[in-house]
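Below is one structure, written out as structure tokens; the observations come after it.
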Amino acid sequence: MDSQMNTHARPSKLIKGATGDWEIVIGMEIHAQVSSNSKLFSGASTEFGGDPNAHVSLVDAAMPGMLPVINRECVAQAIRTGLGLKAQINCRSVFDRKNYFYPDLPQGYQISQYKSPIVGEGTVIVDVTASEQIQVGIERLHLEQDAGKSLHDQSPTDSFVDLNRSGVALMEIVSKPDLRSAEEARAYVTKLRTILRYLGTCDGDMEKGSLRADVNVSVRKPGAPLGTRCEIKNVNSIRFIGQAVDVEARRQIGILEDGGKIDQETRLFDPGKGETRSMRSKEEAHDYRYFPDPDLLPLEFEQSYVDELASHLPELPDEKKARFMRDYGLPSYDAGVLVMERASADYYENVAKGRDAKAAANWVINELFGRLNKEGKDIETSPVSADQLGGIVDLISAGTISGKIAKDLFEIVFTEGGDPRELVETRGMKQVTDTGAIEAAVDAIIAANPDKVAQAQAKPTMLGWFVGQVMKQTGGKANPQAVNDVLKSKLGI
Amino acid sequence: MTQPTDLTLADARNALRDRKISSVELTQAHLDAMEKARALNCFVAETPVQALAMAKASDVRLAKGEGGVLEGLPLGIKDLYATKGVHTQACSHILDKFRPEYESTVTAQLWRDGAVMLGKLNMDEFAMGSSNETSYYGPVASPWLPPKWTEDNARSALASDKRGLLVPGGSSGGSASAVAARLCLGATASDTGGSIRQPAAFTGTVGIKPTYGRCSRWGMVAFASSLDQAGPIARTVRDCAIMLGSMAGYDPKDTTSVDAPVPDYEKSVGASIRGKKIGIPKEYRIEGMPAEIDRLWQQGIAWLKAAGAEIVDISLPHTKTALPAYYIVAPAEASSNLARYDGVRYGLRVPGRDISDMYEQTRAKGFGKEVRRRIMIGTYVLSAGYYDAYYVRAQKIRTLIKRDFELAYASGVDAILTPATPSAAFGIGEKGSADPVEMYLNDVFTVTVNMAGLPGLAVPAGYTADGLPLGLQLIGRPFDEETLFSLAEVIEQSAGRVTLPKPWWN
């Protein structure tokens with residue numbers, strides 16, 4: 001999609017080398033673990049953790065005579081994901097065997113989809129910054145089995161194998177080489193993760209390995225044909241993806257500027273050393289001897305099944321963002337931040353309901369998110385509920401408390417809890433709008449500071465000093481507008 | 001009175017039902033026969049304790065007038081089928097000491113219906129072979145005496161290396177030999193390129209490979225998944241029909257099995273074949289085929305005609321290409337299916353310096369020569385740069401072969417009659433040692449049927465001049481095993497039941 005746009009170098013993305021500008025070209029293969037109770041071709045549980053080899057069926061252990069049976073829920077999840085990526089859904093796809101020997105691959109082959117994937121081309125819209133949006137083409141999405149895990153630290157002489165992950169369903173989501181910087185790569189993965197979480201098709205938990213990225217990086221002079229790429233395998237955090245891109249691009253530019261050439265190879269990113277290292281060269285690459293798995297018939301379903309799934313899809317982030325901009329009048333950036341997580345968007349909508357939507361957005365984004373970040377909490381574990389935050393917004397708009405007091409109130413609700421309205425009452429945080437009380441305070445200050453009165457009459461900006469004094473005396477509860485009005489009339493300015 | 005072991009499966013069933021014999025008696029008679037016939041090497045594992053326990057339980061059910069269609073009938077099981085807690089190695093060293101914790105669907109259905117397990121039957125290693133000579137457990141001798149041999153000659157050969165004795169065919173050599181020698185009433189077998197039909201033809205027994213998808217492959221050690229199919233070998237057409245009725249059926253654990261009701265196959269045995277249109281494919285008249293095979297074929301045509309069938313000449317033009325294409329597709333799938341035997345989780349492990357060395361040592365020692373050859377062929381034809389030239393072309397040929405049959409059936413043909421094998425049984429050690437293709441040619445008439453996924457049945461129809469049994473093959477429409485049973489019954493009745501050799505091996 002939009003290859004037109006992406007074939008042209010984006011000048012702001014170019015990086016300087018000794019011989020001029022270079023363009024980084026990035027494509028990604030994301031392995032996303034399908035959210036499902038059981039594995040892709042067996043009934044074994046997909047639960048994370050558990051003792052080694054606790055979730056292994058006869059099929060997962062590749063016992064003689066065992067046969068795979070497709071898990072329909074995994075198929076539905078792949079279709080939902082394809083729909084979320086605005087992609088072509090293929091009603092007929094084929095499972096192939098990818099043959100190689102490894103102890104954590106019990107069958108001696110991985111069941112994957114090679115020539116006929118379940119999902120074809122699609123598009124992801126990515127907000128790179130507040131003002132920059134790009135479209136990233138999706139090449140394909142296919143279903144495949146995860147492998148087990150080799151454990152090398154259990155015995156001085158042997159390696160052990162844990163097959164709990166063996167056969168768990170993965171979606172491999174392949175992008176087109178449409179990304180041009182580490183920042184874009186990070187933004188793309190972040191957006192993809194948001195979409196997957198909205199759909200509920202992958203939990204996106206990179207720490208648990210639910211989302212892993214293989215990053216293909218090459219560099220070229222702007223306008224030149226694509227350079228030779230290197231694939232950086234299994235990068236497991238968004239931050240590392242960005243680092244790996246930068247480090248690898250710099251390595252390649254260095255080699256090219258020294259007159260060398262890039263060897264196509266698979267590399268590993270070492271976050272500790274901040275470098276990529278060769279894992280295997282093209283010559284060492286496996287010949288996977290792909291062929292259609294004869295144990296499985298082609299995967300076929302009707303378009304009506306796809307339509308049925310489509311009709312039950314949740315509102316996706318792009319649509320939600322557009323709606324927030326349209327219905328709540330939010331700027332693009334704010335709407336984008338709010339829809340990043342489905343739970344945040346829902347929270348925001350609860351706060352905004354029947355209230356000043358922009359004020360609600362400010363409170364959610366600036367106060368709540370900021371405070372949650374500081375505490376390392378997320379929206380699901382927020383100590384302030386949408387109702388409580390809505391109550392605070394209500395108190396401001398009713399003029400019961402000032403914006404400044406509201407921040408104090410928020411802090412109390414965040415740390416101690418409680419109903420904002422009651423707190424305002426019991427802690428005497430109510431704004432003083434009674435002009436009698438304000439007048440008394442103003443009179444007292446004027447009487448005590450005749451020199452300042454003279455100064456203020458000569459220079460009206462001195463009014464601020466008086467306002468400060470009144471606020472101090474009233475514990476910040478005086479209505480600032482009322483204070484201003486009273487001061488102006490008493491001072492005659 | 002006839003020996004209990006000489007009964008057909010159907011007669012034994014009736015005798016049990018009529019309480020003329022008990023299952024324990026019947027089973028013990030077979031266990032005794034097995035013991036005396038050990039030199040034939042049909043069984044690689046005998047399960048007498050289990051057999052008698054099952055027989056006893058069957059007798060209890062029979063006494064109450066209960067029991068399934070195979071209640072109390074002792075059977076042999078090809079070593080390819082997973083049998084819980086019992087030797088299951090597909091006669092390979094690489095599955096050394098493997099005893100599964102599970103039961104194959106097909107055998108589970110036999111036990112569900114009351115059958116009694118006598119033990120596990122010898123076979124070519126991983127079902128790769130046409131003579132049962134590739135078994136890790138050594139060759140099986142056919143109970144048929146080689147032409148002009150005396151019983152004494154045969155007994156002394158049996159006591160030494162078996163050279164010169166006849167092969168029972170393969171890969172289901174143990175099954176065919178055990179059935180012909182009356183060591184079991186019937187046996188499970190499996191057929192990837194002819195492994196039921198060729199041994200049946202070589203031993204004067206009846207074997208059917210049903211339509212691909214008719215029986216579940218779950219729990220059968222895989223050779224070539226798109227071609228493998230379970231089936232029975234027994235002494236009569238009726239016996240095969242009874243056994244297949246129990247073995248067949250949809251299994252949600254095998255998504256290539258077909259969800260269609262299983263007919264009462266026994267009912268089709270003896271049904272009229274009047275008006276059935278039988279195709280005679282000219283391409284099966286191959287160069288160098290012995291005249292007696294051709295005469296047998298003509299005889300078969302005459303019998304079916306006499307019973308009211310209509311004979312038509314048909315053409316299956318891609319027949320010639322089937323064997324070479326088969327020897328690409330089957331090894332390709334096998335090379336992948338056998339990758340799991342790596343020494344990591346079960347079976348043989350030969351220690352090595354590192355993981356690759358362990359793999360290499362284990363697989364070099366664990367697999368026999370023919371299996372290694374096919375893994376190498378299969379790996380080669382799937383390799384980058386060769387895939388299109390071999391595997392893809394072979395698949396195209398497969399489509400054409402299938403189309404040949406479809407056109408024949410579309411023209412109104414109900415079944416096709418061909419010879420089962422291009423020759424009678426040959427001697428142990430006689431073929432294939434210099435050129436494996438010599439052995440592969442055994443399957444020339446049978447592989448087409450696997451490539452097209454059709455049902456095929458081999459029935460004895462006569463003898464060579466030397467007195468060795470010869471069989472004819474009937475090929476049917478998909479899932480029309482019933483027509484094959486009806487036609488085969490006509491041939492069996494017309495040819496007269498085979499006179500099986502007396503037990504000279506005792």
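The values are calculated or read from the model by the stated rules, or taken from the named source; none is laboratory data. Note that the structure is a prediction, hence the values are computed from the model and not measured. Methodologically, a virtual Cβ is constructed for each residue, glycine included, from the backbone with ideal geometry; neighbour enumeration extends over all protein chains shown.
A:ILE70 fulfils the conditions (1) β-branched (Val, Ile, Thr); (2) under 26 Å from the mean Cα position of the chain (by Cα); (3) surrounded by fewer than 20 Cβ atoms within 10 Å (Cβ to Cβ) except for a single criterion, (2).
Residues are listed down the side, and each one gets a yes or a no for (1) over 26 Å from B:LYS402 (Cβ atoms); (2) modelled with pLDDT of 95 or more; (3) among the hydrophobic types (A, V, I, L, M, F, W, C):
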{"position": "B:PRO317", "(1), (2), (3)": "no, yes, no"}
{"position": "B:ALA322", "(1), (2), (3)": "no, yes, yes"}
{"position": "B:TYR327", "(1), (2), (3)": "no, yes, no"}
{"position": "B:ASN337", "(1), (2), (3)": "no, yes, no"}
{"position": "B:GLY343", "(1), (2), (3)": "yes, yes, no"}
{"position": "B:PRO351", "(1), (2), (3)": "yes, yes, no"}
{"position": "B:ARG363", "(1), (2), (3)": "yes, yes, no"}
{"position": "B:ILE375", "(1), (2), (3)": "yes, yes, yes"}
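Is it the case, given these coordinates, that A:PHE48 is within 14 Å of chain B (Cβ to nearest Cβ) and either closer than 26 Å to B:PHE223 by Cβ or in a loop (DSSP other than H, G, I, E, B) (or both)? In short, no.
Looking across segment A:61-95, the residues that are touching a Pro at 6+ places or on another chain (Cβ under 8 Å), within 14 Å of chain B (Cβ to nearest Cβ) and within 30 Å of A:TYR198 (Cβ to Cβ) come down to A:VAL69, A:VAL94, A:PHE95.
Do you know which residues across segment A:253-286 are under 22 Å from A:GLN110 (Cβ atoms), surrounded by 14 or more Cβ atoms within 10 Å (Cβ to Cβ) and acidic (Asp, Glu)? Across segment A:253-286, the qualifying residue is only A:GLU265. Checked against the criteria, B:ILE280 counts as under 17 Å from B:THR448 (Cα atoms) and part of a strand (DSSP E or B).
When B:GLY347 is tested against (1) in contact with a helix residue (DSSP H, G or I) (Cβ under 6 Å, 6 or more places away or on another chain); (2) more than 9 Å from chain A (Cβ to nearest Cβ); (3) closer than 16 Å to B:LYS97 by Cα, just one condition goes unmet, and that condition is (2). Among the residues making up segment A:96-120, a single one is away from chain B (no Cβ under 14 Å) and either more than 28 Å from the chain's Cα centre (by Cα) or in a helix (DSSP H, G or I) (or both): A:SER116.
Residues that are touching a Pro at 6+ places or on another chain (Cβ under 9 Å), within 12 Å of chain A (Cβ to nearest Cβ), touching a residue at least 40 places away in the same chain (Cβ under 8 Å) and not hydrophobic (A, V, I, L, M, F, W, C) within segment B:363-396 comprise B:GLY378, B:THR379, B:GLN395, listed in sequence order.
Quick check: is even one residue across segment A:424-444 in contact with a helix residue (DSSP H, G or I) (Cβ under 7 Å, 6 or more places away or on another chain), under 30 Å from A:THR381 (Cβ atoms) and not in a helix (DSSP H, G or I)? Checked against the condition, which is being in contact with a helix residue (DSSP H, G or I) (Cβ under 7 Å, 6 or more places away or on another chain), under 30 Å from A:THR381 (Cβ atoms) and not in a helix (DSSP H, G or I), segment A:424-444 yields at least one hit.
Please count how many residues of segment B:194-249 are more than 14 Å from chain A (Cβ to nearest Cβ) and of a type in the set (S, T, N, Q). Number of matching residues: 7.
Got at least one residue in segment B:168-178 being surrounded by 24 or more Cβ atoms within 10 Å (Cβ to Cβ) and either within 14 Å of another protein chain (Cβ to nearest Cβ) or among the β-branched types (Val, Ile, Thr) (or both)? Looking through segment B:168-178, none of the residues is surrounded by 24 or more Cβ atoms within 10 Å (Cβ to Cβ) and either within 14 Å of another protein chain (Cβ to nearest Cβ) or among the β-branched types (Val, Ile, Thr) (or both).
Which members of segment A:91-112 meet the condition of being hydroxyl-bearing (Ser, Thr, Tyr) and touching an Asp or Glu at 6+ places or on another chain (Cβ under 6 Å)?
The answer is A:SER112, and nothing else.
Inspect all residues belonging to segment B:367-376 and state whether any of them is surrounded by 20 or more Cβ atoms within 10 Å (Cβ to Cβ), outside any helix (DSSP H, G or I) and of a type outside the set (Lys, Arg). Yes; the residues of segment B:367-376 include at least one that is surrounded by 20 or more Cβ atoms within 10 Å (Cβ to Cβ), outside any helix (DSSP H, G or I) and of a type outside the set (Lys, Arg).
When each of B:LEU62, B:LEU70, B:LEU52, B:LEU75 is tested for being in contact with a Ser or Thr (Cβ under 9 Å, 6 or more places away or on another chain) and assigned to a strand (DSSP E or B), the lone residue that passes is B:LEU75.
Out of A:LEU196, A:LEU192, A:LEU163, A:LEU179, report the one residue that is within 14 Å of another protein chain (Cβ to nearest Cβ) and either more than 23 Å from the chain's Cα centre (by Cα) or crowded, with 19+ Cβ neighbours inside 10 Å (or both).
Numbers: A:LEU196 fails: within 14 Å of another protein chain (Cβ to nearest Cβ); A:LEU192 fails: within 14 Å of another protein chain (Cβ to nearest Cβ); A:LEU179 fails: within 14 Å of another protein chain (Cβ to nearest Cβ).
On inspection, the qualifying residue turns out to be A:LEU163.
Checking each residue in segment B:228-237 for being outside any strand (DSSP E or B) and surrounded by 24 or more Cβ atoms within 10 Å (Cβ to Cβ) picks out B:ASP228, B:ARG235, B:VAL237.
Residue under question is B:LEU183, and the condition is that it be touching a strand residue (DSSP E or B) at 6+ places or on another chain (Cβ under 9 Å) and either under 24 Å from B:ALA33 (Cβ atoms) or β-branched (Val, Ile, Thr) (or both); does it hold? Walk me through how you get there before you give the answer.
Details: touching a strand residue (DSSP E or B) at 6+ places or on another chain (Cβ under 9 Å): yes; either under 24 Å from B:ALA33 (Cβ atoms) or β-branched (Val, Ile, Thr) (or both): yes.
It is true that B:LEU183 is touching a strand residue (DSSP E or B) at 6+ places or on another chain (Cβ under 9 Å) and either under 24 Å from B:ALA33 (Cβ atoms) or β-branched (Val, Ile, Thr) (or both).
Selection of segment B:93-122 for residues being more than 14 Å from every other protein chain (Cβ to nearest Cβ), assigned to a loop (DSSP other than H, G, I, E, B) and either among the aliphatic types (A, V, I, L, M) or in contact (Cβ under 8 Å) with a residue 60 or more places away in the chain (or both) yields B:ASP113, B:ALA115, B:ASN122.
Filtering segment B:401-455 to residues that are closer than 27 Å to B:ARG373 by Cα and of a type in the set (S, T, N, Q) leaves B:THR421, B:SER423, B:SER433, B:ASN442, B:THR446, B:THR448, B:ASN450. Among residues of segment B:59-106 being over 20 Å from B:LYS253 (Cα atoms) and acidic (Asp, Glu), the one that is surrounded by the fewest Cβ atoms within 10 Å (Cβ to Cβ) is B:GLU66.
Which residue is farthest from B:LEU472 (Cα to Cα), if the candidates are limited to segment B:285-343 and must be among the polar types (S, T, N, Q) and more than 14 Å from chain A (Cβ to nearest Cβ)? In this case the residue turns out to be B:THR321.
If A:ARG280 passes every condition in (1) in contact with a helix residue (DSSP H, G or I) (Cβ under 6 Å, 6 or more places away or on another chain); (2) more than 30 Å from B:GLY213 (Cβ to Cβ) but one, which one does it miss? If we test A:ARG280 against (1) in contact with a helix residue (DSSP H, G or I) (Cβ under 6 Å, 6 or more places away or on another chain); (2) more than 30 Å from B:GLY213 (Cβ to Cβ), just (1) comes out false. Does B:ILE242 satisfy being farther than 21 Å from B:THR421 by Cβ and buried (at least 20 other Cβ atoms within 10 Å of the Cβ)? Judged against the criteria, B:ILE242 is a match. Against the conditions (1) touching a residue at least 12 places away in the same chain (Cβ under 8 Å); (2) out of contact with any strand residue (DSSP E or B) (no Cβ under 8 Å at 6 or more places or on another chain); (3) closer than 30 Å to B:PRO252 by Cβ; (4) away from chain A (no Cβ under 14 Å), B:LYS56 satisfies every one except (3).
Among the criteria (1) touching a residue at least 40 places away in the same chain (Cβ under 8 Å); (2) surrounded by fewer than 24 Cβ atoms within 10 Å (Cβ to Cβ), the one B:GLY496 does not fulfil is (1). Within segment A:280-307, residues that are within 12 Å of chain B (Cβ to nearest Cβ) and under 29 Å from A:LEU67 (Cα atoms) have Cβ atoms under 8 Å from residues that are among the hydrophobic types (A, V, I, L, M, F, W, C) and assigned to a strand (DSSP E or B) in these pairs: A:ASP293/A:ILE111; A:LEU296/A:ILE111, counting only partners at least 6 apart in sequence or on another chain.
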